[in-house]
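The values are calculated or read from the model by the stated rules, or taken from the named source; none is laboratory data. Keep in mind it's a predicted model, so treat the numbers as computed, not measured. Please note: Cβ atoms are built from the backbone with ideal geometry, for glycine as well, and neighbour counts cover all protein chains shown. Ligands, DNA and RNA are stripped out before the accessible areas are found, and what is left, the full protein with its side chains, is counted by its heavy atoms. Shrake-Rupley method; radii C 1.70, N 1.55, O 1.52, S 1.80 Å.
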Amino acid sequence: MGLVVNQTSVVKGQHLVDFLLSEKVNVSVIFAPEHGFRGDRDAGEKFSDTFDKKTGVPLVSIYGKSKKPSREVMASVDLIIFDIQDVGVRFYTYISSMHYMMAAANEANIEFMVLDRPNPNGMYIDGPVLEAQFQSFV
């Protein structure tokens, strides 16, 4: 299984990755969005593929040179879980990362599951409608 997670991916006070591994679930790769999967990267900081120092699980950056993982990486997973709490503002990159990961999963015929955490801002809605010429990853 592959996970798209960040510091908001918490179960019973523990990061989802650490929780799943403690339950003997096979996590084969972590796809790290902007800010890294543990939230230890600065805004806009690009980073390369590496391994999680705590668990040894491979980390694939989806906020570096490539926004979408390679077919080789995708071949190592049978399910991708996206678990990121987001406040629903269009200038955050998490929704764009989800879009690219969904496309990669579709191309590789892999199931994609979104754990829909509640928006911490509830029903607050504000701001202008996006004009198409200003659309970008950010």
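Observations
- Extreme residue, surrounded by the most Cβ atoms within 10 Å (Cβ to Cβ), among residues of the range 51-95 that are of a type in the set (Val, Ile, Thr) and part of a loop (DSSP other than H, G, I, E, B): ILE62
- Output for the range 1-21, where each listed residue is of a type outside the set (A, V, I, L, M) and open to solvent by 30 Å² or more (accessible area, probe 1.4 Å): GLN7, THR8, LYS12, GLY13, GLN14, PHE19
- You will find that of MET98, MET113, the residue that is at pLDDT 90 or above and either open to solvent by 90 Å² or more (accessible area, probe 1.4 Å) or assigned to a helix (DSSP H, G or I) (or both) is MET98 and no other.
Residue by residue, here is whether (1) among the polar types (S, T, N, Q); (2) farther than 24 Å from GLN7 by Cα; (3) modelled with pLDDT of 80 or more holds:
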{"site": "MET102", "(1), (2), (3)": "no, no, yes"}
{"site": "ALA105", "(1), (2), (3)": "no, no, yes"}
{"site": "ALA108", "(1), (2), (3)": "no, yes, yes"}
{"site": "ASN119", "(1), (2), (3)": "yes, no, no"}
{"site": "LEU130", "(1), (2), (3)": "no, yes, no"}
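- For LYS46, the stated conditions do not hold, so it cannot be described as open to solvent by 50 Å² or more (accessible area, probe 1.4 Å), free of Cβ contacts under 8 Å to residues at least 12 places away in the same chain and in a loop (DSSP other than H, G, I, E, B).
- Residue pairs whose Cβ atoms lie under 6 Å apart, sitting 6 or more positions apart in sequence or on different chains, and linking a residue in the range 1-25 that is under 13 Å from ASP83 (Cα atoms) to a partner that is open to solvent by less than 40 Å² (accessible area, probe 1.4 Å) and part of a helix (DSSP H, G or I), are VAL4/MET101; VAL5/LEU16; SER9/LEU16.
- Residues located in the range 1-35, provided they are outside any loop (DSSP other than H, G, I, E, B) and not aliphatic (A, V, I, L, M): GLY2, GLN14, HIS15, ASP18, PHE19, SER22, PHE31
- ASP40 loosely packed, with under 14 Cβ neighbours inside 10 Å and of a type in the set (Asp, Glu): yes
- Some residue of the range 22-32 being open to solvent by less than 40 Å² (accessible area, probe 1.4 Å), within 10 Å of the chain's Cα centre (by Cα), under 30 Å from PRO128 (Cβ atoms) and not aliphatic (A, V, I, L, M): no
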